[in-house]
Amino acid sequence: QVQLVESGGGLVQAGDSLRLSCAASGRTFSRHAMGWFRQVPGNERELVGTIKWSSGSTYYADSVKGRFTISRDNAKNTLYLQMNSLKPEDTAIYYCAAATRYYSIFSYYRAESAYDYWGQGTQITVSS
């Protein structure tokens, strides 16, 4: 069983920064991309950003572009989300996900359906 364990969430004020971590454990698996998604209760889960594991190429949603940065550490099997200049509208449950399927077109990893494994989610609350 593959597990994705998230950490780093919490309550912050607008303008603050947070760094989320997502560590993979369990059986060995091949990953081609990982992603961060977020969801506000009552809303659809939305893409935050994705990263190709091998190259480190990234894609970000317009709402977080320039403020959030995705990175990975292959040796630690860990995905990171650095969140700067946080806004109240960033308040959501954040999920990390891993994709084991390979797609030659990077944009395919923007879709929730591309991912096989998901973390439990962690709450980020940004007060104003």
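The values are calculated or read from the model by the stated rules, or taken from the named source; none is laboratory data. Just so it is clear, the structure is predicted and the values come from calculations on it, not from any experiment. In this analysis, Cβ positions are derived from the backbone assuming ideal geometry, glycine residues included, and neighbour counts consider all displayed protein chains. For accessibility, only protein heavy atoms count, side chains too; no ligands or nucleic acids. Shrake-Rupley method; radii C 1.70, N 1.55, O 1.52, S 1.80 Å.
Just a few scattered comments:
- Matching entry among 114, 61, 75, 99 (being touching a His at 6+ places or on another chain (Cβ under 8 Å) and among the small types (Gly, Ala, Ser)): 99
- Output for segment 1-59, where each listed residue is without any contact (Cβ under 8 Å) to a residue 24 or more places away in the chain and closer than 17 Å to residue 82 by Cβ: 56, 58
- Within segment 91-107, the set of residues being more than 13 Å from the chain's Cα centre (by Cα) and of a type outside the set (Phe, Trp, Tyr) comprises 91, 100, 101, 104, 105, 107.
- The set of residues from segment 94-114 being within 21 Å of residue 6 (Cβ to Cβ) and in a loop (DSSP other than H, G, I, E, B) comprises 100, 111.
- Of all the listed residues (78, 91), the sole one being among the β-branched types (Val, Ile, Thr) and more than 18 Å from residue 5 (Cα to Cα) is 91.
- Residue ID - nearest to residue 30 (Cα to Cα), chosen from residues in segment 68-93 that are hydroxyl-bearing (Ser, Thr, Tyr) and outside any loop (DSSP other than H, G, I, E, B): 78
- Across segment 17-45, the number of residues qualifying as in a strand (DSSP E or B) and surrounded by 13 or more Cβ atoms within 10 Å (Cβ to Cβ) comes to 14.
- Scanning segment 67-106 for residues that are free of Cβ contacts under 8 Å to residues at least 60 places away in the same chain, open to solvent by less than 50 Å² (accessible area, probe 1.4 Å) and either of a type in the set (S, T, N, Q) or in contact with a helix residue (DSSP H, G or I) (Cβ under 7 Å, 6 or more places away or on another chain) (or both) returns 71, 78, 91.
- Considering 12, 64, 5, 48, the condition of being on the phi < 0 side of the Ramachandran plot, part of a loop (DSSP other than H, G, I, E, B), in contact with a strand residue (DSSP E or B) (Cβ under 9 Å, 6 or more places away or on another chain) and surrounded by 12 or more Cβ atoms within 10 Å (Cβ to Cβ) is satisfied by 64 alone.
- Restricting segment 115-128 to residues that are touching a Gly at 6+ places or on another chain (Cβ under 8 Å) and outside any loop (DSSP other than H, G, I, E, B), the residue that is least open to solvent (accessible area, probe 1.4 Å) is 124.
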